Amino acid sequence: MHPQPLFKIFGQGIYAYGVCMAVGILACFAFTMLVMWKRGFNEEASDKLIFVGVFGTGFGIFSAALFQAIYDVIANPDAGFHLKGMTFIGGLIGGVVSFLGVWWLYVYVIAPRTKIKLLQNNMNAGLCDLLPFVPISIVIAHAFGRLGCFFAGCCYGRETDAWYGIHCAGTYYENTGTVVIGPKVVPTQLFECLFLVAIGIAMAILFFKFRFNCNFSVYLIGYGIWRFLIEYVRDDYRGEFIGGITPSQFWSILMVLLGVGYIFLYKYIFKRHMKHPELEKSSKNTGGDKPAEPAQA
């Protein structure tokens, strides 16, 4: 763990946690742009999806801090409301909701009514074409974020004497540059990082090899179950919700339910609205007629 600054720029400390977050976000967008290019998204579709994605990411970061502040108030009302720290699930909720809100506003309100050419909708792909692979992008950023949590010493597990236990970095004292090393704890951050890498690889295989289009269900159900269970060995108290479960366990249950519901949404709604730009690209590359729509999960 490395809670102290890696280095300083103009007197401001640069921390491993921030570096991991920045690398994760950049890798997330780089992967998304690469897949959009390979799948035949035209420039307008790519630009607008990325623009809305940047907005969603920014709002998601704010939402992550807001949720954490609420959790802190639940855990300790006397401490008051302060925006410090972040929680991933809060960021995911805020990011997804804001992305969908801005996308809906543009596609169904602004684009059909504007005479400004830049704002008109001439995209050959849309949100439904993005959904099959964007969970992989989210997992990339999430895995780097959990690695950052490990360096920062947050989101730690319970004390343990097991072989896999790692000493928790305690308080960093900036005036002396020293770090108080804590007891050995379960490295839940590293376990979650490894889980995210595994589920990310699984979704990539499903998407690229089998053209599976319900990766959002895989992510929501898989991570929801994982997060619900890992909460039992985490030791960073954040209050309790209904029935004595933690806030993250509450949201994990909703994630699993949404993951199941997404299968039906895809089958009856999203599948019908996919434009399949990869088929058009394939037809142009072969010089033949547009091929038949591929089998979809």
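The values are calculated or read from the model by the stated rules, or taken from the named source; none is laboratory data. Keep in mind the model is a prediction, meaning the values are calculated, not measured. Note: ideal-geometry Cβ built from the backbone for every residue, glycine included; neighbour counts use all protein chains shown. For accessibility, only protein heavy atoms count, side chains too; no ligands or nucleic acids. Shrake-Rupley method; radii C 1.70, N 1.55, O 1.52, S 1.80 Å.
Assign unit charges at the C-beta atoms only (+1 for Lys and Arg, -1 for Asp and Glu), then state the dipole size of region 36-167 relative to its Cα centre in Debye, rounded to the nearest 20.
520 debye
Report, by chain and number, residues whose modeled amide H sits under 5 Å from the one on residue 246, excluding near sequence neighbours (fewer than 5 apart, same chain).
Under 5 Å from the amide H of residue 246: 241.
With every protein chain in place, what's the accessible area of residue 275 (1.4 Å probe, Å², nearest 10)?
90 Å²
Quick query: amide H of residue 167 versus all other amide H atoms, modeled in the peptide plane; which residues come in under 5 Å with a sequence gap of 5 or more or a different chain?
The list, which skips near neighbours in sequence, is 185.
Dipole of region 16-110, Cα-centred, from +1 at each Lys and Arg C-beta and -1 at each Asp and Glu C-beta, to the nearest 20 debye?
Charge dipole, region 16-110, about its Cα centre: 200 debye, nearest 20.
Beyond a 29 Å Cα-Cα separation, which of these cross-linked pairs lie in this structure: 209/271; 84/271; 38/115?
Checking Cα-Cα distances, 84/271; 38/115 exceed 29 Å.
When the solvent-accessible surface of protein heavy atoms is calculated with a 1.4 angstrom probe, in what order do 159, 280, 44, 231 fall, highest first?
Result, largest first: 159, 280, 44, 231.
Within region 1-146, what whole-number % of the accessible surface is contributed by carbon and sulfur, with the 1.4 Å probe and all protein chains included in the calculation? Intermediate values should be presented prior to the final figure.
Values: 5410 of 7590 Å².
The nonpolar share, carbon plus sulfur, comes to 71 percent.
To the nearest 10 square angstrom, how much accessible area does residue 86 have with a 1.4 angstrom probe?
60 Å²
At a Förster radius of 30 Å, what calculated FRET efficiency corresponds to the Cβ-Cβ distance of residue 105 and residue 74, to the nearest 0.05?
0.40
Can you run phi through the Karplus equation (6.51, -1.76, 1.60; θ = phi - 60°) for region 210-220 and list ³J(HN,Hα) in whole Hz, with x for Gly and Pro?
Once θ is set to phi - 60°, the couplings for region 210-220 become 10, 6, 6, 10, 10, 5, 4, 5, 4, 5, 5 Hz.
Can you give me the distance in nm between label points at residue 235 and residue 272, each placed 7 Å from the Cα along the Cα-to-Cβ direction?
About 5.4 nm, to one decimal.
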